[in-house]
1. Identify all residues within region 112-170 that are small (Gly, Ala, Ser) and either in contact with a Leu (Cβ under 6 Å, 6 or more places away or on another chain) or part of a helix (DSSP H, G or I) (or both); write none if there are none.
2. Given the options Ala271, Ala262, name the one that is hydrophobic (A, V, I, L, M, F, W, C), crowded, with 20+ Cβ neighbours inside 10 Å and modelled with pLDDT under 90.
3. Scan (1) buried (at least 24 other Cβ atoms within 10 Å of the Cβ); (2) assigned to a helix (DSSP H, G or I); (3) of a type in the set (A, V, I, L, M, F, W, C) for the single condition Phe296 breaks and write down its number.
4. Of these, Asp390, Asp435, Asp448, which one is crowded, with 19+ Cβ neighbours inside 10 Å, touching a Ser or Thr at 6+ places or on another chain (Cβ under 8 Å) and of a type outside the set (Phe, Trp, Tyr)?
5. If only one of Pro146, Pro158 is in the same structural domain as Asn240 (by TED's automatic domain parsing), farther than 21 Å from Thr311 by Cβ and either in contact with a helix residue (DSSP H, G or I) (Cβ under 9 Å, 6 or more places away or on another chain) or modelled with pLDDT of 95 or more (or both), which one is it?
6. Taking interchain pairs and intrachain pairs at least six residues apart, which have beta carbon atoms under 6 angstrom, with the first residue in region 479-494 and assigned by TED's automatic domain parsing to the domain that holds Thr534 and in a loop (DSSP other than H, G, I, E, B) and the second buried (at least 22 other Cβ atoms within 10 Å of the Cβ) and at pLDDT below 95?
7. Pairs needed: first member in region 174-189, under 12 Å from Glu281 (Cα atoms) and outside the structural domain of Glu281 (by TED's automatic domain parsing); second member anywhere, among the basic types (Lys, Arg) and surrounded by 19 or more Cβ atoms within 10 Å (Cβ to Cβ); C-beta distance under 8 Å; at least 6 residues apart or different chains.
8. Regarding region 196-212, can at least one residue be identified that is in a helix (DSSP H, G or I) and in the same structural domain as Ala253 (by TED's automatic domain parsing)?
Amino acid sequence: MASRSWRLLVTAAAAGLLLAACGNSAESSTSSSAAAIGAEDGAGGVQPTGNVIATSGFDVARNGFAFQNYGNEGTPQNLDANAMWSLFGDQVCARIEGDTCTLAPTPEKWMKVQNDSMNGGHCFGLAGLAWALYKQEIDPNRYGAPEAGEMALEGNIPLQTDVAAVFVTQATEPTATDKITVTPNDAIEKMKQAWAAGQGYALAFFQIKNGEPTGGHAVTPVALEDRGEGKVGIVLYDNNFPKQPQVMVVDTAANTWSYSTAADPKNDPEAYVGGVDNPLELFPVTPMIGPQSCPFCAGGEQSQADGVGSTKKTVGSGSEFNYVYLNQEADASGITMSVTDTNGKPIPGAKPIAPLSGQSGAPPAMLVPKTVPFQIKIDGSKLQKPSNADLSIIGPGYSYGVDKFEVQPGDFDTVSFDPATNSISYDTKAGSAPDIVLSLDGATTSYDFLFGGLALPETGGKIGVKLDPAKQIVTASAEKSGPAEIDFVIGRVDEKSDEEFTSDPIPLEANESLIIEYGKWQGNGTSMPIGIDTNGSGQIQERLVESKPAS
């Protein structure tokens, strides 16, 4: 057996953790469509040419943003702790000191996942926020100008943050549950009714590839025009085409729609078509700017929150699903994932999710009933070159994931998760050195865990981590691999401070496990028992140095 000569390095931090689309009612008109909605010269898709039959009063040149939809290039300010606090209330904070919220580990994980999903564009946030500004549901002066068309994006941190905050509501209640899925003809009627009542929608749509919705995009519908021969144009503020009204054409006889745009603003426009088999989605804007229920917070809690532009309201927490997410970079490179039960069969009640951002070969997210064990197949068969991937599983009050694992062309890796045993494993037939990450939020104390350094041999192997919240023990093992080394980082945050343990590499023989009794670490210089399970009993047989934080 390899010598286990090692030392535990500890750092303690006493401060907070650093976080690493006045208007008029709808009108009937036979005026020029371009004049009615503020068209400016410029390229784009189908341009307004017909007679306006209904309008919201939204002027694309004035009320739409002057800058184009953007991804994460240039590192815009997306969600931060304060934005999360505004959206979901105190329940996302592990600690509140004055006007500073230190996020609990699981909210921080969800925030990072959502920020990653914006890499393909912020269209949903722009579509909703533009309308809210037009109707003065939000004071435009907070962004430095009286109208959206005069606002700059660069250096405008409040605007960037609020665009991101509105963007993520597509995944939360009430925004997600207030969504209406409609045929094109029904969409026309819904828009007329909403505009007449002074309300508005963000309009979302997808392409269908291999039977799955992909390439989601969101725009702001602003008017309807008669294009003759039974066709109606839905005039749009499309944030991919600033100041240039675009038109989605509806064939009312066939009840179909067609449009040309790009889900990712970095890509060239392409055709989108649909109808009854690929309907449209309408999101009422008012819920988009209000407070949201927290699906990644432990169930049963309530909190007061105000969202982006609303009065404080009570919001709930909890979810009946685990949220499975493959990062945008991996998705864009051609890596796909499929989620099944442990026998490779479809999971009843599971729901594929295609975020309204970017292009993808398959939906990069899935909702899985939270009591169901499942496996995730990571498919690298379409890769042209190696690519890194991050996979996250987020539930109410906890998260699990595999970070920084390299997928080679032709690889098929498997991640398995069992909610009954709170365990995750990564199985590969090729060499890899991923990080296994977990978080667990408590009423007064929360933890996050990172296990790394396990470089699996070229023949592959399996890494597993199991969390026992009742006994407050976490176990890590390298199954089906030879001698290996593992290191870890554990973060602890409570109402008073943050602390962190960081280890040096610890040798492990095949089928041995590292056991950490994290619950006995109470901070303030207390110890944390760490040892090796050599026989699979789940108990420490070989105790390692019981180290304490530096005073």
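1. Ser117, Gly120, Gly125, Ala127, Gly128, Ala130, Ala132, Ala148, Gly149, Ala164, Ala165
2. Selected residue: Ala262, the only one of Ala271, Ala262 that is hydrophobic (A, V, I, L, M, F, W, C), crowded, with 20+ Cβ neighbours inside 10 Å and modelled with pLDDT under 90.
3. (2)
4. Within the list Asp390, Asp435, Asp448, the selection yields Asp448.
5. Pro146
6. The qualifying pairs are Lys480/Gly461; Ser481/Leu456; Ser481/Gly461.
7. Within 8 Å, no pair qualifies.
8. The answer is yes, given that some residue of region 196-212 is in a helix (DSSP H, G or I) and in the same structural domain as Ala253 (by TED's automatic domain parsing).
The values are calculated or read from the model by the stated rules, or taken from the named source; none is laboratory data. Being a predicted model, the structure only gives us computed values, none of them experimental. Here the Cβ is made from the backbone with ideal geometry for all residues, glycine too, and neighbour counts use every protein chain on show.
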